[in-house]
């Protein structure tokens, strides 16, 4: 696509793009990135799509990196500019419910009560949902949904229905596409949580083996992997803190029914994610099909996409 085509497409998309930013209460500054990031990225995705075959795009990024925002804006552009039928969901939406995680915490390790790491998702549900969305015959597919404020899965009657077939499926999540670490790397704790609450390495070994087994089958469905690479773990904490504040501000439930974390609780929560996040930051950019780099101001660095 040449510069003139980008300009023409931007003029056509901009009103809907701006409306989406307002609808999602997103910063107006993101509009500046329409031509610089979002349109080139959408054109790259379009180039990966094979005729007559749905494309499953995995979108990886640390907590607070902006995966959900990126997917919402890509869905808009791919629908309006390319006339694609776009479906998708987050790996967060297939978290096991609290009761099931409590069972795992009793039977395997107490740290599995906290949602997030591999081993706390319903992989069978994820496989079923993705395979149904990728079915070229097309049917109505119920998209799972998890309520983070309540820390539990929403009742199925509240799930969104997607009428297939889908041309493109966006599957996003903090550990989407992750690979297991060599077991020798598990011996040394990476933070106080591992040192004090998993001294024998039972929890982190279980998480790693989940990546080797069930999660590898789920991630094998991905056709192309896109990574949003954050600068460091300090940004993960700062940006995830903003998410928690937004969650509290946007809910109508009383605080007694919510699972909103204070600064201390959030720091402990992120420690659950730290080992795998550091592993992905180190190794995933070399194998992802496309990596988008974020700076400390949460802005994309200059983007260069080659066919």
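With the requirement that a residue be surrounded by fewer than 17 Cβ atoms within 10 Å (Cβ to Cβ) and part of a helix (DSSP H, G or I), what does the range 281-292 give you? Before you say what the answer is, go through the steps one by one.
Keep residues of the range 281-292 that are surrounded by fewer than 17 Cβ atoms within 10 Å (Cβ to Cβ), which gives 282-283, 285-287, 289, 291.
The answer is 282, 283, 285, 286.
Yes/no per residue for (1) closer than 27 Å to residue 227 by Cα; (2) at pLDDT 95 or above:
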| position | (1), (2) |
| --- | --- |
| 168 | yes, yes |
| 175 | yes, yes |
| 178 | yes, yes |
| 183 | yes, no |
| 189 | yes, yes |
| 196 | no, yes |
| 200 | no, yes |
Exercise. Take the range 65-85 and flag every residue that is in a helix (DSSP H, G or I) and without any contact (Cβ under 8 Å) to a residue 12 or more places away in the chain.
Key: 79
Exercise. Inspect the range 129-148 for any residue being touching a residue at least 60 places away in the same chain (Cβ under 8 Å), within 17 Å of the chain's Cα centre (by Cα) and closer than 30 Å to residue 10 by Cβ and give the result as yes or no.
Key: no
Quiz item: Listed residues 70, 104; which is over 17 Å from the mean Cα position of the chain (by Cα) and either closer than 23 Å to residue 280 by Cβ or buried (at least 16 other Cβ atoms within 10 Å of the Cβ) (or both)?
Solution: 104
Quiz item: in contact (Cβ under 8 Å) with a residue 60 or more places away in the chain, part of a helix (DSSP H, G or I), under 20 Å from residue 210 (Cα atoms) and in contact with a strand residue (DSSP E or B) (Cβ under 9 Å, 6 or more places away or on another chain): does that describe residue 112?
Solution: no
Self-check item: Matching option when the condition is touching a strand residue (DSSP E or B) at 6+ places or on another chain (Cβ under 9 Å), over 20 Å from residue 89 (Cα atoms) and surrounded by 13 or more Cβ atoms within 10 Å (Cβ to Cβ), among 181, 210
Solution: 210
Quiz prompt | Members of the range 48-64 that are over 9 Å from the mean Cα position of the chain (by Cα) and either closer than 20 Å to residue 274 by Cα or not in a loop (DSSP other than H, G, I, E, B) (or both) | solution = 48, 55, 56, 57, 64
Exercise. Select from the range 152-170 the residues that are crowded, with 16+ Cβ neighbours inside 10 Å and in a loop (DSSP other than H, G, I, E, B) and list them in ascending order.
Key: 159, 164, 165, 166, 167
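Count, please, the residues in the range 136-150 that happen to be in a loop (DSSP other than H, G, I, E, B), touching a strand residue (DSSP E or B) at 6+ places or on another chain (Cβ under 9 Å) and over 18 Å from residue 123 (Cα atoms). Working first, answer last.
If we filter the range 136-150 for residues that are in a loop (DSSP other than H, G, I, E, B), which is where we start, we get 136-139, 144-145, 148-150.
With touching a strand residue (DSSP E or B) at 6+ places or on another chain (Cβ under 9 Å) added as a condition, the list becomes 138-139, 144-145, 148.
From what's left, over 18 Å from residue 123 (Cα atoms): 138-139, 148.
Matching residues across the range 136-150 total 3.
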Quiz item: Here are some conditions: (1) at pLDDT below 95; (2) part of a helix (DSSP H, G or I); (3) in contact with a helix residue (DSSP H, G or I) (Cβ under 8 Å, 6 or more places away or on another chain). Residue 278 meets all but one. Which one does it not meet?
Solution: (1)
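Could you tell me which of the residues 29, 10 is surrounded by fewer than 20 Cβ atoms within 10 Å (Cβ to Cβ) and either without any contact (Cβ under 8 Å) to a residue 12 or more places away in the chain or in contact with a strand residue (DSSP E or B) (Cβ under 8 Å, 6 or more places away or on another chain) (or both)?
On the way: 10 fails: either without any contact (Cβ under 8 Å) to a residue 12 or more places away in the chain or in contact with a strand residue (DSSP E or B) (Cβ under 8 Å, 6 or more places away or on another chain) (or both).
That would be 29, the only listed residue that is surrounded by fewer than 20 Cβ atoms within 10 Å (Cβ to Cβ) and either without any contact (Cβ under 8 Å) to a residue 12 or more places away in the chain or in contact with a strand residue (DSSP E or B) (Cβ under 8 Å, 6 or more places away or on another chain) (or both).
The values are calculated or read from the model by the stated rules, or taken from the named source; none is laboratory data. On a predicted model such as this, the values are computed, not experimentally measured, just so you know. Virtual Cβ from ideal backbone geometry, glycine too; neighbours counted across all protein chains shown.
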